[in-house]
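Take a look at the structure set out below.
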Amino acid sequence: MISYNTKDWFTFIFKFHKADTFRTLIPIMLAIGVYSGLVGWLEVQYWQLADTSYIKNITIMHGMLGFVISLLLVFRTNTAYDRWWEGRKMWGALVNNSRNFAIKLNAMLKDEKDHAYFRKMIPAYASVLHAHLSNADTSQQLFDDVDLEIDHHKHKPNQVAKMIFRKINDLYESKKITGDQLIVLNAEIQSFTDICGACERIKNTPIPYSYSAFIKKFIFFYVMTLPFGYAFSLGYYVVPVVVFIFYVLASLELIAEEIEDPFGGDANDLPTLKIATNIKKHVEELL
């Protein structure tokens, strides 16, 4: 995720970051510019359609369709941002639950060896969840005094949660914690699995294909017909105008596509690795 100063306007305007949609759209923007110039030349110089009524009708059509496409893109962007923000809330809950889990264990357990075990395992869940959601390989992770081997053919966060709960159950059987304390700690472990399931739901449920394909087709045909309606009134200035309109519309769709899966490695995705590192820092302070 990119860290930036929200009040620095000039940096936003004149700096093109590698995550900016402008770089991605340059090839198709050039193609649309050539296409718009060709249509403008044919319409003004060759076909000479200035006095035909269909030019005015196309302009009116673009005005109506522009309102419709703006509503679609607003809905599309809001839906994608909702997924991004829900993912952030889930990882915020993981931070708080990890802290609460560590605080309760610190009060309940007196043995330093038990503290050391959970000092490694609680941050391990966040790290493995980060790798699980970003499809990274976490087949084996080694710690100072905990050998954590994970079968990458199985569900990795579940394996870590199973190890944690097995340790909690061993503590109960060895009379180091009471039954009431077992119930309290079980709720914290369950919250980890609930958060994992919510993140998997976000990652594995993209926007319906038909809806995404319709928006792309709508943008394409809308932009492709713009030169026919505005070439005569704008002349060859229709080229930069059409290219800019396409840039705005296509950029909104690209941004929505990027943030609707907030657990990847894109520049605008959630900083899950940094959050996992912070969880490790906080747990080590508490245990």
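We did not get these values from a lab; they are worked out from the coordinates using the rules stated. Bear in mind that the values here come from a model prediction, so they are computed numbers and not experimental data. With ideal geometry, Cβ positions are generated from the backbone for all residues, glycine too; neighbour counts draw on all protein chains shown.
Annotation: extensible slack from ARG166 through GLU284 equals 40.4 nm (criterion: 0.36 nm per residue apart, minus Cα-Cα distance). Legend: calculated FRET efficiency, PHE220 to MET64, from the Cβ-Cβ distance at R0 = 22 Å, rounded to 0.05, equals 0.80.
Sequence-ordered 3J(HN,Hα) estimates for region 194-205 from the Karplus curve with 6.51, -1.76 and 1.60 and θ = phi - 60° stand at 4, 5, 4, x, 5, 5, 5, 4, 5, 5, 9, 10 Hz, glycine and proline given as x. Estimated from the Cβ-Cβ distance and a Förster radius of 35 angstrom, the FRET efficiency linking GLU86 and ALA116 is about 0.55. Here ARG99 and ASP20 are evaluated by their C-beta separation; at R0 = 35 Å the FRET efficiency comes out at 0.45.
Using θ = phi - 60° in the Karplus curve 6.51 cos²θ - 1.76 cosθ + 1.60, the 3J(HN,Hα) couplings for region 268-285 round to 9, 7, 5, x, 5, 5, 5, 5, 4, 5, 5, 4, 4, 4, 5, 5, 5, 6 Hz; x is entered for Gly and Pro. Pairs over the 19 Å Cα-Cα cut-off, from the set LYS120/LYS280; LYS167/LYS281; LYS89/LYS120; LYS104/LYS156; LYS113/LYS274: LYS167/LYS281; LYS89/LYS120; LYS104/LYS156; LYS113/LYS274. Taking 0.36 nm per residue of separation and subtracting the Cα-Cα distance, full extension of the segment from ASN268 to LEU42 would add 77.2 nm.
Between LEU182 and TYR236, 0.36 nm times their residue separation minus their Cα-Cα distance comes to what?
Full extension from LEU182 to TYR236 adds 12.0 nm.
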